[in-house]
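The structure appears below as structure tokens.
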Amino acid sequence: MRRLLLTLVFLLLSLGSYAQRLASVFVEGTLLMSPDRTPLAGLIVTLSPTDQSNPSSPYQALTSDGGYFSLYAPEGNYRIEVSYQGLRRVVRSVLTLEGKPVKLEPILFDLTKELPGVEVKAPALQVHYEGTNQVFTPSSLAPAKGGNLLDGLRFIPGVQLRGDDQLVLYGFSDLLVYVDGRHVRMGREELRTYLQSIPLDELASVKLIREPNGRYGGLTSPILDIRLRRSGASGLQGYSYGELVTRRSLSWLLGSRLTYTEGKTQTYLSYQLSEKRSEETTTLFEKVKDSLLLRPRRTHRFTLGTNIQLSPASALGASLIGTLAKEHLQNGWQSTSDTRTESLYGTLWHDWRTEGLTLRLMLEGSYASLSQERLVRAESVRYADTKRSGQVGLDASVPLGSLWTLDLGALGYGLSYRGSSPRGDLHYELSESSLRGYLELSYRTRPFFARLGLALQRDEQSRKQEQWKLKYPDASRGETHLLPYASLRYHLGRYQDLTLGMSSSYQRPAFRDVVGGSHRTTESIAREANLHLRTSYTYLLRLAYTYREAALLELSYSDTQRPIVDRIMLPIGGPMVVGLQGVNLDYSRYLRLLLSLPLPLIQSKELKWYATTYLAGQRQWDRGYLDGVLYSKAFTAGYLRHTHDLDLPGNWHLQLGVTAYSSLYYGLFEMSPQWWTEASVSRRLGSWRLSLSAYDLFNTNVARGDYRGYPYAFSFSREWYSPRIALGISYSWGRRATKTRQGRERRLTDERLGSGASEGLRTER
């Protein structure tokens, strides 16, 4: 690790001398709406060389929430273009760069102005790099136009929504979702429905972060950072939607979102009502069956927020999300439960920018309560718990000349969790606090981007518990984590990039694993605490080659020290109940090779057909001791996903796909091979969008496998009862659709690509 850091530092220092030869120039400015000078976010500013003999690609930047943009370009003559609705408008015909940094006067841009003098008819690049992160604009998600954010995310290369509502990247990595810089801390189903409530028309950009920096707090999981527009046409706009889902039983969802923009203020309000029914069966030992029947879960959710542009350099925003849910769950034939949950989450943020300096202040707070009545073998038991959390964070970005940038920040976080049973047999209090700081130095010029950072985090956890009048000793522990990270991207040519990244992260034991005693999760499964469970650390090294920002060849190596896995504990006597307990192995390592290959099969005015193949192979090594017995396993796993995307006349879009996994290990559980199919068809009719999708058409996605841990071994299976058929409808109203804009959209139909997985594969600029 030390050698790697020294090497990266040497590279950073070496880049300074190389930059002098390239003579890159720093350019910054602000894009404002005409005539009220409201900052415009999510638009692309392009510097195009006026010398046609110059083979250099255009240099682009995406405007931030305050309309600010910055980029680097070699010396020379350029024209400045602004991209909106897929077309570029020239706002300045000549800009000369001669070595000194350039700060442009505010650029005024009229979103509604007709474009008779459009000088560049080709669409702007729909996917571009920001450092080592890929940024997708709404144009790259064109097949989902008229739908919601979830519809759009599915067209990002490698992104997939599994049947368990988990967003994954390239089949192996779970995705985390951030919206406007805040982590959406929701369960899988809650996150899915939340993304469905936001129309794609409000999207400014989506950033795919493969190596999160210190701002994201010691994560190696990839992140989708979603930025919403905070400017647009004045007046009231609305988005209404509904969905019917059948998977052996019928579920439904209805919702609406209102957005009102007046001057520099934007306010939004949404409400969503859903009802879910599901069935799941787990078989253990080939004869013990554990079934979960959700009949039903009804959820009310509202969102209220506002964004105020105080000045071109300052913006303020606040939001509030509230949820009320009731569910009835039948757990086997001997147990039922009725649960009521309430939650409220609020955030307040302030962005400020001047002379390239950026400051962002974020305040967050949440409250959640749960009350449950569980009936087990005719005996009623009541539970209640509450959770409170809050955090405050400050991030800053400071330019150091035209090529270097210093990013730093700090965050404080606190959480308290209390639970009890009215009978007095259970009382517990859990608390957690964290303090994190990070420092990052980055270097940027045309062929190179490099960064070197370090995050420092201190965690404190404490526990008080009493069960069955037995008082457990109070427990507390504190840990300090030092997390280095670094990345380097080199632009090989017009369409080729090479990226090298190193990141580190850690995983603390979950609350459920540090609370003494045990608790039932299903009729046949109970979780057992392990007070000796330790934090695990992961170090990831990734080397990637991309072509046209779509095709990908990647080699990665991961080393996890003390990984946390579940083992089986079988109680002696009594009913057959399987106990799950988290334990630490010594290490888990893998070497993975990944290929993403999108191919345009047909490109014509009537039909656009793209086929995309994702292929991954992995070699993994796990080792550790279970009750003093050595557990050692080496295995090879593979993943294949193949999709076809077709853009058809009449605003029809068709998508077909098949996914397959080889046998692989999840901790101590060996999974048998799995495969399933997916299909969807959608059509846009003016302001309406209709969609029909099917998941696992042939009911092949059944989890089967064996437990290979010591001292027990047995087979298991889990059935979710497919296929899953979903019918969706949405309607947008109040959004500007002038003749000029409609004409631009008609011209765009023949120019856009049909799939986000192929956005970089274009035959012309």
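The values are calculated or read from the model by the stated rules, or taken from the named source; none is laboratory data. Remember, predicted model here, so these are calculated numbers, not experimental data. Ideal geometry is used to build each Cβ from the backbone, glycine not excepted, and the neighbour counts take in all protein chains shown.
A few comments on the model shown:
- Candidates 715, 682, filtered to the one that is assigned by TED's automatic domain parsing to the domain that holds residue 617, loosely packed, with under 15 Cβ neighbours inside 10 Å and in a strand (DSSP E or B): 715
- Qualifying residue in segment 284-294 (condition: more than 25 Å from the chain's Cα centre (by Cα) and either within 24 Å of residue 147 (Cβ to Cβ) or of a type in the set (Ser, Thr, Tyr) (or both)): yes
- Scanning segment 341-372 for residues that are acidic (Asp, Glu) and over 18 Å from residue 317 (Cβ atoms) yields 342, 355.
- Pick from segment 628-651, criterion within 27 Å of the chain's Cα centre (by Cα) and more than 14 Å from residue 594 (Cα to Cα), ranking: surrounded by the fewest Cβ atoms within 10 Å (Cβ to Cβ): 644
- Exactly one residue out of 194, 178 is assigned by TED's automatic domain parsing to the domain that holds residue 442, at pLDDT 85 or above and in a strand (DSSP E or B), and it is 178.
- Qualifying positions in segment 173-187 - free of Cβ contacts under 8 Å to residues at least 60 places away in the same chain and closer than 29 Å to residue 41 by Cβ: 173, 174, 175, 176, 177, 178, 179, 183, 184, 186
- If you check 430, 441 for being over 25 Å from the mean Cα position of the chain (by Cα) and touching a residue at least 40 places away in the same chain (Cβ under 8 Å), only one passes: 430.
- Criterion (within 30 Å of residue 707 (Cβ to Cβ), modelled with pLDDT of 95 or more and touching a Gly at 6+ places or on another chain (Cβ under 6 Å)) met by exactly one of 668, 640, 593: 593
- For segment 365-376, the condition holds for no residue, the condition being that it is in contact (Cβ under 8 Å) with a residue 60 or more places away in the chain, in contact with a helix residue (DSSP H, G or I) (Cβ under 6 Å, 6 or more places away or on another chain) and of a type outside the set (Asp, Glu).
- Test: residue in segment 498-512 that is assigned by TED's automatic domain parsing to the domain that holds residue 447, of a type in the set (Gly, Ala, Ser) and either modelled with pLDDT under 80 or not in a strand (DSSP E or B) (or both): yes
- On the stretch given as segment 295-326, residues that are surrounded by fewer than 18 Cβ atoms within 10 Å (Cβ to Cβ), of a type outside the set (A, V, I, L, M) and under 29 Å from residue 525 (Cβ atoms) total 3.
Every residue, every condition in (1) among the aromatic types (Phe, Trp, Tyr); (2) under 30 Å from residue 404 (Cβ atoms); (3) at pLDDT below 90, yes or no:
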site: 427; (1), (2), (3): no, no, yes
site: 442; (1), (2), (3): no, yes, no
site: 468; (1), (2), (3): yes, no, yes
site: 475; (1), (2), (3): no, no, yes
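- Lone qualifier among 398, 392 - being under 30 Å from residue 75 (Cβ atoms), of a type in the set (A, V, I, L, M) and assigned to a strand (DSSP E or B): 398
- Of all residues in segment 226-259 being among the aromatic types (Phe, Trp, Tyr) and either in contact with a helix residue (DSSP H, G or I) (Cβ under 9 Å, 6 or more places away or on another chain) or modelled with pLDDT under 90 (or both), the one that is farthest from residue 63 (Cα to Cα): 241
- Residues (without any contact (Cβ under 8 Å) to a residue 60 or more places away in the chain and surrounded by fewer than 16 Cβ atoms within 10 Å (Cβ to Cβ)) located in segment 163-172: 165, 166
- Residues in segment 257-276 that are surrounded by 19 or more Cβ atoms within 10 Å (Cβ to Cβ) and part of a strand (DSSP E or B): 257, 259, 261, 266, 268, 270, 272, 274, 276.
- Qualifying residue in segment 272-288 (condition: at positive phi, assigned by TED's automatic domain parsing to the domain that holds residue 197 and of a type in the set (D, E, K, R)): yes
- Test set (1) among the polar types (S, T, N, Q); (2) without any contact (Cβ under 8 Å) to a residue 60 or more places away in the chain; (3) surrounded by 15 or more Cβ atoms within 10 Å (Cβ to Cβ) - residue 701 fails condition number: (2)
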